[in-house]
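To start, the structure itself, in C-alpha coordinates.
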Amino acid sequence: MSESKSILFVDDEPRILQALERNFYQNRDKWDIDYATSAKEALGFMSLKAYDIIFTDMRMPEMDGSTLLKEVQKSHPNTIRVVLTGHTDLEVAMRTVSFAHQFLVKPCRTDVLEEVINRALDLQLLLNNKHLLAILGQVGSLPTRPSTNAKLNKVLSSEYASMNDVLDVVEQDTSLCAKILQLVNSAFIGSFQRMTSIQSALNYLGTNMLKSLALGFEVFQTFKVQDDIPGFSLEFQQKHAFTSAHIAKALIQDPQASETAYTAAMLHGIGKLVLATYMPEQLKSALALAESKGILLYQAEKELYNVTHAEIGAYLLGIWGLPYPIIEAVAFYNNPNHVEHNIFDIMSAVYVSNILAYEQVHNTKIKGQAFNCPKIDEAYLERLGVLDRLPEWRAIAASQATIDISFIQ
(Lines give C-alpha, C1' and ligand atoms only; values in the text may rest on other atoms or scores of the structure.)
Protein backbone atom coordinates (compact mmCIF):
# COMPACT_ATOMS: atom_id res chain seq x y z
CA MET A 1 0.00 0.00 0.00
CA SER A 2 1.45 3.38 -1.00
CA GLU A 3 2.15 5.97 1.65
CA SER A 4 -0.63 8.55 2.07
CA LYS A 5 0.29 12.03 0.88
CA SER A 6 -0.14 14.86 3.38
CA ILE A 7 -1.41 18.35 2.53
CA LEU A 8 -1.74 21.40 4.79
CA PHE A 9 -4.01 24.40 4.17
CA VAL A 10 -3.38 27.56 6.22
CA ASP A 11 -5.84 30.46 6.43
CA ASP A 12 -6.97 32.71 9.28
CA GLU A 13 -10.56 32.75 7.99
CA PRO A 14 -12.43 29.68 9.33
CA ARG A 15 -15.08 29.86 6.62
CA ILE A 16 -12.39 29.47 3.94
CA LEU A 17 -11.02 26.36 5.66
CA GLN A 18 -14.52 24.98 6.15
CA ALA A 19 -15.24 25.39 2.43
CA LEU A 20 -11.96 23.66 1.55
CA GLU A 21 -12.73 20.81 3.92
CA ARG A 22 -16.17 20.32 2.35
CA ASN A 23 -14.76 20.42 -1.16
CA PHE A 24 -11.99 17.93 -0.40
CA TYR A 25 -14.13 15.54 1.64
CA GLN A 26 -14.34 13.16 -1.33
CA ASN A 27 -10.54 12.89 -1.29
CA ARG A 28 -10.28 11.90 2.37
CA ASP A 29 -9.16 8.35 1.48
CA LYS A 30 -6.70 9.61 -1.11
CA TRP A 31 -4.93 12.40 0.79
CA ASP A 32 -4.30 13.22 4.44
CA ILE A 33 -5.38 16.88 4.68
CA ASP A 34 -5.03 19.16 7.71
CA TYR A 35 -6.28 22.72 8.17
CA ALA A 36 -4.51 25.39 10.27
CA THR A 37 -5.98 28.75 11.26
CA SER A 38 -2.62 30.48 11.76
CA ALA A 39 1.01 30.25 10.74
CA LYS A 40 1.92 29.32 14.32
CA GLU A 41 -0.54 26.43 14.29
CA ALA A 42 0.77 25.33 10.88
CA LEU A 43 4.36 25.18 12.16
CA GLY A 44 3.10 23.18 15.13
CA PHE A 45 1.50 20.67 12.76
CA MET A 46 4.70 20.51 10.71
CA SER A 47 6.80 19.76 13.79
CA LEU A 48 4.78 16.57 14.27
CA LYS A 49 4.69 15.19 10.72
CA ALA A 50 5.96 15.81 7.22
CA TYR A 51 3.74 17.45 4.61
CA ASP A 52 4.15 17.07 0.87
CA ILE A 53 2.44 20.37 0.03
CA ILE A 54 1.46 23.49 1.97
CA PHE A 55 -1.07 26.07 0.74
CA THR A 56 -1.09 29.33 2.67
CA ASP A 57 -2.90 32.65 2.66
CA MET A 58 -0.64 35.71 2.71
CA ARG A 59 -2.16 38.27 5.06
CA MET A 60 -2.59 36.71 8.49
CA PRO A 61 -2.13 38.20 11.99
CA GLU A 62 1.02 37.60 14.07
CA MET A 63 2.90 35.81 11.28
CA ASP A 64 2.00 36.34 7.62
CA GLY A 65 2.23 33.80 4.84
CA SER A 66 5.49 35.23 3.55
CA THR A 67 7.24 34.67 6.88
CA LEU A 68 5.67 31.23 7.20
CA LEU A 69 6.95 30.09 3.82
CA LYS A 70 10.44 31.35 4.60
CA GLU A 71 10.43 29.17 7.70
CA VAL A 72 9.02 26.20 5.78
CA GLN A 73 11.70 26.59 3.12
CA LYS A 74 14.39 26.54 5.80
CA SER A 75 13.03 23.84 8.12
CA HIS A 76 10.96 21.66 5.76
CA PRO A 77 12.55 22.04 2.29
CA ASN A 78 10.92 18.85 0.96
CA THR A 79 7.50 20.51 1.19
CA ILE A 80 6.17 22.12 -1.99
CA ARG A 81 5.05 25.67 -1.14
CA VAL A 82 1.97 27.27 -2.74
CA VAL A 83 0.48 30.70 -2.04
CA LEU A 84 -3.33 30.77 -2.05
CA THR A 85 -4.44 34.36 -1.53
CA GLY A 86 -6.97 37.00 -2.44
CA HIS A 87 -4.30 39.71 -2.61
CA THR A 88 -2.59 40.10 -5.95
CA ASP A 89 -0.57 43.29 -5.65
CA LEU A 90 2.94 43.32 -7.09
CA GLU A 91 4.70 43.97 -3.81
CA VAL A 92 3.29 40.81 -2.24
CA ALA A 93 4.24 38.83 -5.33
CA MET A 94 7.81 40.05 -5.22
CA ARG A 95 8.14 39.28 -1.51
CA THR A 96 7.24 35.65 -2.08
CA VAL A 97 8.59 34.72 -5.49
CA SER A 98 11.97 33.61 -4.13
CA PHE A 99 10.52 30.99 -1.82
CA ALA A 100 7.01 30.16 -3.09
CA HIS A 101 6.86 27.60 -5.86
CA GLN A 102 3.44 28.53 -7.20
CA PHE A 103 0.78 31.19 -6.66
CA LEU A 104 -3.01 30.87 -6.83
CA VAL A 105 -5.75 33.46 -6.42
CA LYS A 106 -8.83 33.00 -4.23
CA PRO A 107 -11.48 32.05 -4.95
CA CYS A 108 -9.81 29.05 -6.60
CA ARG A 109 -11.85 26.21 -8.06
CA THR A 110 -11.44 22.81 -6.44
CA ASP A 111 -10.49 21.18 -9.74
CA VAL A 112 -7.63 23.68 -10.13
CA LEU A 113 -6.38 22.90 -6.63
CA GLU A 114 -6.64 19.18 -7.35
CA GLU A 115 -4.63 19.62 -10.56
CA VAL A 116 -1.89 21.47 -8.68
CA ILE A 117 -1.80 18.75 -6.01
CA ASN A 118 -1.76 15.84 -8.47
CA ARG A 119 0.90 17.44 -10.59
CA ALA A 120 3.12 18.22 -7.60
CA LEU A 121 2.84 14.69 -6.26
CA ASP A 122 3.62 13.23 -9.70
CA LEU A 123 6.73 15.38 -9.88
CA GLN A 124 7.93 14.04 -6.54
CA LEU A 125 7.89 10.57 -8.10
CA LEU A 126 10.27 11.85 -10.78
CA LEU A 127 12.89 12.39 -8.08
CA ASN A 128 12.53 9.57 -5.58
CA ASN A 129 15.42 10.95 -3.56
CA LYS A 130 14.65 12.81 -0.33
CA HIS A 131 18.10 14.40 -0.16
CA LEU A 132 17.74 15.92 -3.64
CA LEU A 133 14.16 16.99 -2.96
CA ALA A 134 15.34 18.81 0.16
CA ILE A 135 18.07 20.63 -1.77
CA LEU A 136 15.74 21.56 -4.62
CA GLY A 137 13.20 22.80 -2.11
CA GLN A 138 15.66 25.52 -1.16
CA VAL A 139 16.23 26.73 -4.72
CA GLY A 140 14.85 30.22 -5.14
CA SER A 141 17.13 31.62 -7.83
CA LEU A 142 19.73 30.39 -10.26
CA PRO A 143 22.90 32.15 -11.38
CA THR A 144 22.53 35.15 -13.68
CA ARG A 145 25.69 36.69 -15.05
CA PRO A 146 26.41 40.23 -13.78
CA SER A 147 26.86 41.39 -17.37
CA THR A 148 23.36 40.19 -18.25
CA ASN A 149 21.77 42.00 -15.32
CA ALA A 150 23.69 45.15 -16.19
CA LYS A 151 22.43 44.99 -19.78
CA LEU A 152 18.87 44.36 -18.65
CA ASN A 153 18.95 47.28 -16.24
CA LYS A 154 20.35 49.53 -18.97
CA VAL A 155 17.64 48.53 -21.44
CA LEU A 156 14.84 48.95 -18.91
CA SER A 157 16.17 52.37 -17.90
CA SER A 158 16.09 53.64 -21.47
CA GLU A 159 12.96 55.46 -22.61
CA TYR A 160 13.72 54.41 -26.18
CA ALA A 161 14.07 50.66 -25.58
CA SER A 162 11.47 48.34 -27.08
CA MET A 163 10.23 45.01 -25.76
CA ASN A 164 12.31 43.36 -28.48
CA ASP A 165 15.39 44.97 -26.94
CA VAL A 166 14.39 43.45 -23.60
CA LEU A 167 13.84 40.07 -25.27
CA ASP A 168 17.31 40.20 -26.84
CA VAL A 169 18.81 40.37 -23.33
CA VAL A 170 16.48 37.99 -21.49
CA GLU A 171 16.68 35.16 -24.01
CA GLN A 172 20.44 35.05 -23.55
CA ASP A 173 20.06 33.83 -19.97
CA THR A 174 18.47 30.54 -18.96
CA SER A 175 17.82 31.64 -15.37
CA LEU A 176 16.01 34.82 -16.40
CA CYS A 177 13.83 32.90 -18.84
CA ALA A 178 12.86 30.33 -16.20
CA LYS A 179 12.00 32.92 -13.55
CA ILE A 180 9.89 35.02 -15.92
CA LEU A 181 7.97 31.96 -17.06
CA GLN A 182 7.41 30.98 -13.43
CA LEU A 183 5.82 34.37 -12.81
CA VAL A 184 3.56 34.52 -15.84
CA ASN A 185 2.34 30.96 -15.34
CA SER A 186 1.11 31.97 -11.92
CA ALA A 187 -2.49 33.02 -11.39
CA PHE A 188 -1.14 35.14 -8.54
CA ILE A 189 -0.35 38.01 -10.88
CA GLY A 190 -3.46 37.56 -13.00
CA SER A 191 -2.48 35.17 -15.76
CA PHE A 192 -4.95 32.31 -16.19
CA GLN A 193 -3.41 30.91 -19.35
CA ARG A 194 -0.30 28.74 -19.43
CA MET A 195 2.39 30.54 -21.42
CA THR A 196 5.22 28.78 -23.19
CA SER A 197 6.62 31.70 -25.19
CA ILE A 198 9.28 33.91 -23.61
CA GLN A 199 8.26 36.81 -25.86
CA SER A 200 4.59 36.47 -24.88
CA ALA A 201 5.60 36.31 -21.23
CA LEU A 202 7.56 39.54 -21.49
CA ASN A 203 4.73 41.26 -23.33
CA TYR A 204 2.32 40.14 -20.62
CA LEU A 205 4.49 41.43 -17.77
CA GLY A 206 5.22 44.76 -19.44
CA THR A 207 8.13 47.09 -18.78
CA ASN A 208 6.86 48.45 -15.46
CA MET A 209 6.70 45.05 -13.80
CA LEU A 210 10.00 44.04 -15.37
CA LYS A 211 11.60 47.14 -13.89
CA SER A 212 10.24 46.23 -10.49
CA LEU A 213 11.56 42.71 -10.87
CA ALA A 214 15.00 43.64 -12.07
CA LEU A 215 15.62 46.88 -10.20
CA GLY A 216 13.43 47.15 -7.13
CA PHE A 217 13.06 43.67 -5.74
CA GLU A 218 16.24 41.93 -6.94
CA VAL A 219 14.37 38.77 -7.84
CA PHE A 220 17.01 38.01 -10.42
CA GLN A 221 19.96 37.58 -8.11
CA THR A 222 23.44 37.94 -9.49
CA PHE A 223 25.79 35.33 -8.15
CA LYS A 224 28.43 33.06 -9.56
CA VAL A 225 28.75 29.33 -9.62
CA GLN A 226 32.01 27.88 -8.37
CA ASP A 227 34.94 28.67 -10.63
CA ASP A 228 36.65 25.36 -9.88
CA ILE A 229 34.29 22.85 -11.47
CA PRO A 230 36.53 21.15 -14.06
CA GLY A 231 34.66 20.66 -17.32
CA PHE A 232 31.86 23.13 -16.57
CA SER A 233 31.46 26.60 -18.03
CA LEU A 234 28.41 28.76 -17.35
CA GLU A 235 29.19 30.77 -20.48
CA PHE A 236 29.17 27.63 -22.58
CA GLN A 237 25.90 26.44 -21.08
CA GLN A 238 24.23 29.75 -21.94
CA LYS A 239 25.60 29.73 -25.47
CA HIS A 240 24.56 26.12 -25.99
CA ALA A 241 21.03 26.81 -24.72
CA PHE A 242 20.73 29.88 -26.95
CA THR A 243 21.88 27.99 -30.04
CA SER A 244 19.74 24.93 -29.26
CA ALA A 245 16.68 27.14 -28.86
CA HIS A 246 17.09 28.74 -32.28
CA ILE A 247 17.63 25.34 -33.90
CA ALA A 248 14.59 23.80 -32.18
CA LYS A 249 12.39 26.69 -33.26
CA ALA A 250 13.42 26.15 -36.88
CA LEU A 251 12.60 22.42 -36.81
CA ILE A 252 8.85 22.83 -36.19
CA GLN A 253 6.51 24.58 -38.59
CA ASP A 254 3.51 25.21 -36.34
CA PRO A 255 4.09 28.71 -34.87
CA GLN A 256 2.83 27.97 -31.34
CA ALA A 257 4.63 24.63 -31.06
CA SER A 258 7.72 26.28 -32.51
CA GLU A 259 7.75 28.88 -29.71
CA THR A 260 7.28 26.17 -27.10
CA ALA A 261 10.16 24.18 -28.58
CA TYR A 262 12.31 27.31 -28.43
CA THR A 263 11.54 27.78 -24.74
CA ALA A 264 12.03 24.11 -23.87
CA ALA A 265 15.39 24.05 -25.63
CA MET A 266 16.40 27.24 -23.88
CA LEU A 267 15.69 25.57 -20.54
CA HIS A 268 16.74 21.98 -21.27
CA GLY A 269 20.04 22.23 -19.40
CA ILE A 270 18.77 24.11 -16.36
CA GLY A 271 19.43 21.08 -14.16
CA LYS A 272 23.15 21.61 -14.73
CA LEU A 273 22.83 25.13 -13.33
CA VAL A 274 21.08 23.72 -10.26
CA LEU A 275 23.89 21.22 -9.74
CA ALA A 276 26.63 23.80 -10.31
CA THR A 277 25.02 26.19 -7.84
CA TYR A 278 23.68 23.94 -5.09
CA MET A 279 25.45 20.58 -5.56
CA PRO A 280 28.85 21.35 -7.12
CA GLU A 281 30.59 18.29 -5.69
CA GLN A 282 28.01 16.02 -7.27
CA LEU A 283 28.51 17.72 -10.64
CA LYS A 284 32.30 17.47 -10.30
CA SER A 285 32.13 13.75 -9.67
CA ALA A 286 29.79 13.13 -12.61
CA LEU A 287 31.90 15.20 -14.99
CA ALA A 288 35.05 13.39 -13.89
CA LEU A 289 33.42 9.99 -14.42
CA ALA A 290 32.06 11.02 -17.83
CA GLU A 291 35.53 12.12 -18.93
CA SER A 292 37.34 9.06 -17.60
CA LYS A 293 34.90 6.57 -19.14
CA GLY A 294 34.14 8.52 -22.32
CA ILE A 295 30.41 8.56 -21.61
CA LEU A 296 27.78 11.29 -21.58
CA LEU A 297 27.15 13.35 -18.45
CA TYR A 298 23.64 12.03 -17.85
CA GLN A 299 24.96 8.46 -18.10
CA ALA A 300 27.59 9.21 -15.46
CA GLU A 301 24.94 10.83 -13.24
CA LYS A 302 22.68 7.80 -13.56
CA GLU A 303 25.56 5.50 -12.67
CA LEU A 304 26.57 7.53 -9.62
CA TYR A 305 23.26 8.83 -8.27
CA ASN A 306 20.46 7.15 -10.23
CA VAL A 307 19.13 10.59 -11.15
CA THR A 308 20.16 12.98 -13.93
CA HIS A 309 20.37 16.73 -14.34
CA ALA A 310 17.49 16.47 -16.84
CA GLU A 311 15.17 15.05 -14.19
CA ILE A 312 16.37 17.62 -11.66
CA GLY A 313 15.67 20.46 -14.09
CA ALA A 314 12.25 19.09 -15.00
CA TYR A 315 11.29 18.76 -11.34
CA LEU A 316 12.26 22.35 -10.58
CA LEU A 317 10.38 23.73 -13.60
CA GLY A 318 7.42 21.57 -12.66
CA ILE A 319 7.10 22.85 -9.11
CA TRP A 320 7.53 26.35 -10.54
CA GLY A 321 4.35 25.71 -12.52
CA LEU A 322 5.69 25.71 -16.08
CA PRO A 323 3.54 24.00 -18.75
CA TYR A 324 3.81 20.23 -19.15
CA PRO A 325 5.21 20.16 -22.75
CA ILE A 326 8.27 22.05 -21.49
CA ILE A 327 8.69 19.81 -18.44
CA GLU A 328 8.42 16.67 -20.57
CA ALA A 329 10.96 17.92 -23.10
CA VAL A 330 13.44 18.87 -20.36
CA ALA A 331 12.98 15.57 -18.50
CA PHE A 332 13.51 13.34 -21.54
CA TYR A 333 15.66 15.34 -23.95
CA ASN A 334 18.42 12.75 -23.59
CA ASN A 335 16.06 9.76 -23.89
CA PRO A 336 12.96 10.63 -25.95
CA ASN A 337 12.25 6.92 -26.46
CA HIS A 338 11.19 6.76 -22.80
CA VAL A 339 7.97 8.53 -23.79
CA GLU A 340 5.61 6.75 -26.16
CA HIS A 341 5.03 8.93 -29.22
CA ASN A 342 4.94 8.47 -32.98
CA ILE A 343 5.30 12.00 -34.32
CA PHE A 344 8.10 14.54 -34.35
CA ASP A 345 7.04 16.79 -31.51
CA ILE A 346 8.45 19.40 -29.12
CA MET A 347 10.41 16.82 -27.14
CA SER A 348 11.87 15.40 -30.37
CA ALA A 349 12.89 18.89 -31.51
CA VAL A 350 14.72 19.56 -28.23
CA TYR A 351 16.46 16.17 -28.46
CA VAL A 352 17.67 16.89 -32.00
CA SER A 353 18.57 20.53 -31.40
CA ASN A 354 20.69 19.68 -28.36
CA ILE A 355 22.81 17.25 -30.37
CA LEU A 356 23.06 19.46 -33.45
CA ALA A 357 24.15 22.38 -31.28
CA TYR A 358 26.89 20.18 -29.80
CA GLU A 359 27.98 19.23 -33.32
CA GLN A 360 28.50 22.95 -34.05
CA VAL A 361 30.45 23.71 -30.88
CA HIS A 362 33.82 23.48 -32.60
CA ASN A 363 32.95 26.85 -34.15
CA THR A 364 33.00 28.48 -30.71
CA LYS A 365 35.54 26.96 -28.32
CA ILE A 366 34.91 28.14 -24.77
CA LYS A 367 37.50 27.62 -22.08
CA GLY A 368 36.70 25.26 -19.23
CA GLN A 369 33.95 23.23 -20.91
CA ALA A 370 34.42 19.51 -21.45
CA PHE A 371 31.89 17.22 -23.09
CA ASN A 372 31.45 14.10 -25.15
CA CYS A 373 29.23 14.86 -28.11
CA PRO A 374 26.08 12.70 -28.18
CA LYS A 375 25.13 10.97 -31.41
CA ILE A 376 21.79 11.15 -33.19
CA ASP A 377 19.70 7.98 -32.82
CA GLU A 378 18.86 7.50 -36.49
CA ALA A 379 16.57 4.57 -35.73
CA TYR A 380 14.48 6.89 -33.57
CA LEU A 381 14.19 9.47 -36.35
CA GLU A 382 13.37 6.75 -38.86
CA ARG A 383 10.56 5.49 -36.62
CA LEU A 384 9.13 9.01 -36.58
CA GLY A 385 9.45 9.22 -40.37
CA VAL A 386 11.84 12.20 -40.39
CA LEU A 387 15.29 10.64 -40.90
CA ASP A 388 15.45 12.02 -44.46
CA ARG A 389 15.30 15.56 -43.02
CA LEU A 390 18.49 15.20 -40.98
CA PRO A 391 20.79 16.75 -43.65
CA GLU A 392 18.41 19.73 -43.90
CA TRP A 393 18.41 20.09 -40.11
CA ARG A 394 22.20 19.97 -39.97
CA ALA A 395 22.27 22.82 -42.48
CA ILE A 396 19.87 24.77 -40.27
CA ALA A 397 22.11 24.10 -37.26
CA ALA A 398 25.15 25.32 -39.16
CA SER A 399 23.38 28.57 -40.02
CA GLN A 400 22.17 29.07 -36.44
CA ALA A 401 25.66 28.49 -35.06
CA THR A 402 26.67 31.76 -36.68
CA ILE A 403 24.21 33.72 -34.49
CA ASP A 404 25.82 36.66 -32.73
CA ILE A 405 27.10 35.39 -29.39
CA SER A 406 29.06 38.49 -28.45
CA PHE A 407 27.19 38.55 -25.14
CA ILE A 408 29.49 35.78 -23.92
CA GLN A 409 32.65 37.40 -22.68
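The values are calculated or read from the model by the stated rules, or taken from the named source; none is laboratory data. Fair warning: this is a prediction, and the values are worked out from it, not measured in the lab. Note: ideal-geometry Cβ built from the backbone for every residue, glycine included; neighbour counts use all protein chains shown. Protein only, heavy atoms only, side chains kept; ligands, DNA and RNA dropped before computing areas. Shrake-Rupley method; radii C 1.70, N 1.55, O 1.52, S 1.80 Å.
Backbone N atoms of the stretch 236-254 closer than 19 Å to the 7 Å Cα→Cβ label point of Glu291 belong to residues 236-238. The three principal axes of the Cα atoms in the stretch 225-293 give end-to-end lengths of 41, 25, 16 Å, sorted in falling order. For the stretch 346-361, putting each phi into the Karplus relation 6.51 cos²θ - 1.76 cosθ + 1.60 with θ = phi - 60° gives couplings of 4, 4, 4, 5, 5, 4, 5, 5, 4, 5, 5, 5, 5, 4, 8, 5 Hz, in residue order, rounded to whole numbers and with x for Gly and Pro.
Ordered from highest to lowest accessible area with the whole protein assembly present and a 1.4 Å probe, Ser348, Ser4 read as Ser4, Ser348.
Remark on Val10: its backbone amide H falls under 5 Å from those of Ala36, Phe55, Thr56, Asp57, a criterion applied only to residues 5 or more positions apart or on other chains, H modelled at 1.01 Å from N. Sequence-ordered 3J(HN,Hα) estimates for the stretch 66-82 from the Karplus curve with 6.51, -1.76 and 1.60 and θ = phi - 60° stand at 4, 5, 4, 5, 4, 5, 5, 4, 6, 9, 9, x, 5, 6, 6, 10, 10 Hz, glycine and proline given as x.
Measuring how big the stretch 244-359 is from its alpha-carbon positions, Rg and Dmax come out at 14.1, 42 Å. Relative to the current alpha-carbon distance between Glu303 and Met63, full extension at 0.36 nm per residue lengthens the span by 81.9 nm. Amide H contacts of Phe103 (H built 1.01 Å from N, in plane; Pro and chain starts excluded): Val83, Ala187, Phe188 sit under 5 Å, all sequence-distant by 5 or more or on other chains.
Taking amide hydrogens as placed 1.01 Å from N in the peptide plane, the amide H of Ile33 sits under 5 Å from those of Ile7, each at least 5 positions away in sequence or on another chain. Residue order by solvent-accessible surface for Cys177, Cys373 is Cys373, Cys177, largest first, with ligands and nucleic acids left out and a 1.4 Å probe. If the chain linking Ala161 and Ser200 were pulled fully straight, counting 0.36 nm for each residue of separation and taking away their Cα-Cα distance, it would gain 12.3 nm.
If you look at the Cα atoms of the stretch 2-56, you get an Rg and a Dmax of 10.9, 33 Å. Using the Cβ-Cβ distance between Leu384 and Asn23 with R0 = 60 Å, the FRET efficiency computed as 1/(1 + (r/R0)^6) comes to roughly 0.90. In the context of the full protein assembly, Asp29 retains an accessible surface of approximately 140 Å², using a probe radius of 1.4 Å and ignoring ligands and nucleic acids. Here the spin labels are modelled as points 7 Å beyond Cα on the Cα-Cβ line, and at Glu281 and Glu392 they lie 5.1 nm apart.
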